[in-house]
Amino acid sequence: MKNDERLLGMIGLAMKAGKIITGEDGCEKAIRSGKAHLVLVATDASENTKKKFTDKTNFYKVPLHSLFTKETMAQAIGKQNRATIVIADDGFAKSMSKLIINN
């Protein structure tokens with residue numbers, strides 16, 4: 001559980017640093033343009049959203065993880081009701097990936 005808290009803290013830091021893209025359209029554009037280094041999809045996102053982002057991230061070879069609910073992700077970034085988050089910074093993405101793997 002400790003890694004979850006650290007991961008949520010890093011998501012908050014990335015948001016403050018301007019390295020996060022949210023919302024379906026913005027996330028899709030970031031994946032297509034190569035700006036996405038890591039994609040997080042809420043565990044309670046719709047099946048359609050999960051499939052869409054699984055397909056996109058597989059095609060563009062971007063790591064995707066589903067760890068938190070929409071509410072938890074929204075609290076971490078200070079915005080409401082977010083089902084998808086793109087980490088648009090390689091350093092943040094690598095650090096978060098290490099925490100996810102060690103979780």
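Things to note:
- If you go through the range 1-40 and pick out every residue that is among the acidic types (Asp, Glu) and farther than 18 Å from ASP55 by Cβ, you end up with 2.
Okay, residues lined up against (1) in contact with a Leu (Cβ under 6 Å, 6 or more places away or on another chain); (2) farther than 20 Å from ASN103 by Cβ; (3) modelled with pLDDT of 95 or more:
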| position | (1), (2), (3) |
| --- | --- |
| ASN3 | yes, no, no |
| LEU13 | no, no, yes |
| GLU24 | no, yes, no |
| LYS35 | no, yes, yes |
| ALA45 | no, no, yes |
| ASP55 | no, yes, yes |
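- Any hit, the range 39-50, residues being touching a residue at least 40 places away in the same chain (Cβ under 8 Å), surrounded by 15 or more Cβ atoms within 10 Å (Cβ to Cβ), β-branched (Val, Ile, Thr) and part of a helix (DSSP H, G or I): no
- Condition check for THR43: within 19 Å of LYS79 (Cα to Cα) and of a type in the set (Ser, Thr, Tyr): yes
- Here LEU64 clears all of (1) without any contact (Cβ under 8 Å) to a residue 60 or more places away in the chain; (2) out of contact with any Phe, Trp or Tyr (no Cβ under 7 Å at 6 or more places or on another chain) except the condition numbered (2).
- Contact map, the range 19-35: residues that are closer than 20 Å to GLY91 by Cβ paired with residues that are modelled with pLDDT of 95 or more and of a type in the set (Lys, Arg), Cβ distance under 9 Å, separation 6+ or inter-chain. Pairs shown: ILE21/LYS29; ILE21/LYS35; CYS27/LYS56; ILE31/LYS56; LYS35/LYS29.
- Every residue from the range 67-103 that is in contact (Cβ under 8 Å) with a residue 24 or more places away in the chain, in a loop (DSSP other than H, G, I, E, B) and of a type outside the set (Lys, Arg): LEU67, PHE68, THR69, GLY78, ALA83, ALA88, ASP89, ASN102, ASN103
The values are calculated or read from the model by the stated rules, or taken from the named source; none is laboratory data. Computed from a prediction, not measured in an experiment: that's the story for all the values here. Glycine also receives a Cβ, built like all others from the backbone with ideal geometry; neighbour counts cover every protein chain displayed.
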